[in-house]
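Notes for the one structure printed next.
The values are calculated or read from the model by the stated rules, or taken from the named source; none is laboratory data. Only a predicted model underlies this, so the values are computations on that prediction, with no experimental measurement involved. Note: ideal-geometry Cβ built from the backbone for every residue, glycine included; neighbour counts use all protein chains shown. Just so you know, the surface numbers come from the protein's heavy atoms only, side chains and all, with ligands and any DNA or RNA stripped out. Shrake-Rupley method; radii C 1.70, N 1.55, O 1.52, S 1.80 Å.
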Amino acid sequence: MQVMNSALPSDLRAPEQAAARLEQLILDGVLKPGQMIPSERLLCERLGISRPSLREGLRLLRGKGIIETRHGKGSSVAQLLPSADISPLMHLFRDHPRTLYDLLEVRALLEGESARLAAQRGTPADRVLIRRHYEAMAACIREATGDTLPDAQQLARLDHAFHHAICEASHNPVLVHTLQGINDLLLSSVFASLRNLYHRPIPRGQINAQHTAIYRAVMDQLPEVAEQAALHHLHSIRDSLRELEAEDERLVRSAMRLEGFG
């Protein structure tokens, strides 16, 4: 666990400083929702604070609802955003396929900027994580031999994890948590795109090449190239889906004419 040594206001009491440092770790994604809080000994060593200050700082965070404690299980970071499953808006989005194009627009806005910032701000540790996710996705594709295609759900999770690792490397907590707030919708959009396009050789080759272009631009620390690669990827998926939709409509019209309904 890396700790950011950002300056805190000097008038904060020790417990408030402890709470503020833990909040920063959560904002930065070092401690994630649902993750158990490290041991008191480790936190005291890493943050350079006393146990009484740490315990009081944890109490302050519990009062804010940022962490939660279960008897016999310890403390963990709370789920900071409401579950998508309980939101009527999320159900509306899921039940209307046209939302997929809206999601692709949002992804282009946010992930294009994520890629640019990741190339600009990403640390060596960030690049290690991005490489791991990229290689896991590539291995999934490579292991599907012959006419066998990768499992769409597994590949969608790996694809989404790759893009999320790039987002985290942006070091913009607001951007990261904004995307985290619509995580289920984003994963659904990745799955829908792969399910509709990946069985076709041309879109499949394009998607694979586009991921490689994003990966190389971020790893080579080329911000503008990374942004354009991410935008090209998402715009290409949008255009391919629209062409597929138009093709289906043409097939329906042709079938109707053949059957005498035209």
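Give just the number: which of (1) open to solvent by 20 Å² or more (accessible area, probe 1.4 Å); (2) closer than 30 Å to residue 78 by Cα; (3) in contact with a helix residue (DSSP H, G or I) (Cβ under 6 Å, 6 or more places away or on another chain); (4) modelled with pLDDT of 85 or more does residue 184 not satisfy? Residue 184 satisfies every listed condition except (4).
Could you tell me which of the residues 85, 28 is surrounded by 12 or more Cβ atoms within 10 Å (Cβ to Cβ), at pLDDT below 80 and not hydrophobic (A, V, I, L, M, F, W, C)?
Details: 85 fails: surrounded by 12 or more Cβ atoms within 10 Å (Cβ to Cβ).
Just one listed residue meets the conditions, 28.
In the list 118, 108, which residue meets the criterion of being part of a helix (DSSP H, G or I), among the hydrophobic types (A, V, I, L, M, F, W, C), at pLDDT below 95 and within 15 Å of the chain's Cα centre (by Cα)? Residue meeting the stated conditions: 108.
Is it the case that residue 12 is surrounded by 17 or more Cβ atoms within 10 Å (Cβ to Cβ) and either in a loop (DSSP other than H, G, I, E, B) or at pLDDT 85 or above (or both)? No. Using beta carbons and a limit of 8 Å, which pairs, at least six apart or on different chains, have the first residue in segment 175-189 and without any contact (Cβ under 8 Å) to a residue 40 or more places away in the chain and the second one open to solvent by less than 40 Å² (accessible area, probe 1.4 Å)? So the pair list comes out as 187/156; 187/160.
Among 38, 33, which is the only one that is outside any helix (DSSP H, G or I) and at pLDDT 85 or above? Please lay out each step first, then the result.
Values: 33 fails: at pLDDT 85 or above.
Every option except 38 fails the conditions.
Of the numbered criteria (1) modelled with pLDDT under 85; (2) out of contact with any His (no Cβ under 9 Å at 6 or more places or on another chain); (3) outside any helix (DSSP H, G or I), the one residue 49 fails is (1).
Cβ-Cβ distances below 8 Å connect the following pairs, each with a first residue in segment 207-218 that is in contact (Cβ under 8 Å) with a residue 60 or more places away in the chain and open to solvent by 10 Å² or more (accessible area, probe 1.4 Å), a second residue that is part of a helix (DSSP H, G or I) and of a type in the set (Val, Ile, Thr), and a separation of six or more residues or different chains: 208/141; 215/130.
Name the single residue that is farthest from residue 226 (Cα to Cα) among those in segment 142-178 being of a type in the set (Ser, Thr, Tyr) and in contact with a Leu (Cβ under 8 Å, 6 or more places away or on another chain). Applying the filter and picking the extreme gives 178.
Among the residues of segment 140-152, which ones are assigned to a helix (DSSP H, G or I) and loosely packed, with under 12 Cβ neighbours inside 10 Å?
First, pick out the residues of segment 140-152 that are assigned to a helix (DSSP H, G or I): 140-142, 152.
Correct list: 142 only.
The number of residues in segment 58-75 being at pLDDT 85 or above, within 12 Å of residue 34 (Cα to Cα) and of a type outside the set (A, V, I, L, M, F, W, C) comes to 1. Give segment 65-78 a look and list any residue that's more than 24 Å from the chain's Cα centre (by Cα) and either aromatic (Phe, Trp, Tyr) or loosely packed, with under 11 Cβ neighbours inside 10 Å (or both), or say none. Matches in segment 65-78: 70, 71, 72, 73.
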